[in-house]
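See structure below.
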Amino acid sequence: MQFAYTILYVNDVKQSLVFYEKAFGMQTRFLHESGEYGELETGSTALAFSSRALMQQLGKQVSVPDPHHPAFEIALVSSDVPAAVSKAVAAGAILIQEPKEMPWGQTIAYVADKDGVLVEICTSMQA
């Protein structure tokens with residue numbers, strides 16, 4: 001098996017794609033003509049978005065993420081965490097935690113996207 005994608009449930013797929021392009025420099029790989037599903041170009045594993053409305057039509061009751069009580073997070077690696085955080089916040093992300101160096105040497109920060117998804121911005125883990 002191969003991990004193919006993670007799907008985030010959002011209010012407006014196109015708006016989320018545009019936000020992730022501006023905030024994190026990603027590019028849209030695909031947006032369905034319905035506007036209810038889209039993917040970002042993120043390497044071998046895609047970050048995808050589906051509208052909450054579509055999920056409800058499919059009989060799924062999705063919850064709204066809460067960055068202060070997260071059930072999950074996505075992590076994005078950057079060599080310059082403070083600059084990446086500044087760019088994300090300028091694009092509309094909500095700052096949750098300023099960049100901080102961890103005891104194991106990694107720098108991490110947290111923002112929330114416009115749908116409340118917790119996004120970790122971090123340096124690579126060193127072996």
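Side notes on the structure shown:
- Ranking of 98, 73 by count of other Cβ atoms within 10 Å, fewest first: 98, 73
- Calculated FRET value between residue 106 and residue 57, using beta carbons and R₀ = 30 Å, to 0.05: 0.15
- At R0 = 22 Å, FRET efficiency that the Cβ-Cβ distance of residue 68 and residue 89 yields, to 0.05: 0.85
- Each residue of segment 27-40 was assigned a 3J(HN,Hα) from its phi angle through the Karplus curve 6.51 cos²θ - 1.76 cosθ + 1.60 (θ = phi - 60°); the sequence is 10, 5, 8, 7, 9, 4, 4, 6, x, 8, 8, x, 9, 9 Hz, with glycine and proline shown as x.
- Relative to the longest principal axis of the Cα atoms of the chain, helix 81-90 runs at roughly 40 degrees.
- Prolate/oblate/rounded label for the chain (Cα gyration tensor, a/c 1.5): prolate
- In the chain, helices alone account for a calculated mean residue ellipticity at 222 nm of -6500 deg cm²/dmol, with every DSSP H run of four or more residues adding -39,500 (n - 2.57).
- Net dipole in debye of the chain [+1 Lys, Arg Cβ; -1 Asp, Glu Cβ; about Cα centre; nearest 20]: 100
- Residue among 46, 93, 84 with the largest mean-square fluctuation in a Gaussian network model of the chain, springs linking Cα atoms under 10 Å: 46
- Sorted by Cβ neighbour density within 10 Å, fewest at the top, the residues 95, 40: 95, 40
- Taking every DSSP bridge with both residues inside segment 5-57, close to 55 percent are antiparallel.
- Interchain or long-range residues, amide H under 5 Å from residue 121's placed H: 76, 109, 110, 111
- Which of 8, 118 has the fewest Cβ neighbours within 10 Å, and the rest in rising order: 8, 118
- Relative contact order (percent, whole number), the chain, Cα cutoff 8 Å, 6+ residue spacing: 23
- Counting only DSSP beta bridges whose two residues both lie in the chain, roughly 65 percent are antiparallel.
- The modelled label-to-label distance for the pair residue 21/residue 4, using points 7 Å beyond Cα in the direction of Cβ, is 2.5 nm.
Taken together, the values in this text are just the output of simple stated rules run on the coordinates, not laboratory data. Nothing here was measured: the structure is a model prediction, and the numbers come from that model. A quick note on method: Cβ atoms are made from the backbone with ideal geometry, for glycine too, and the neighbour counts reach across all protein chains shown.
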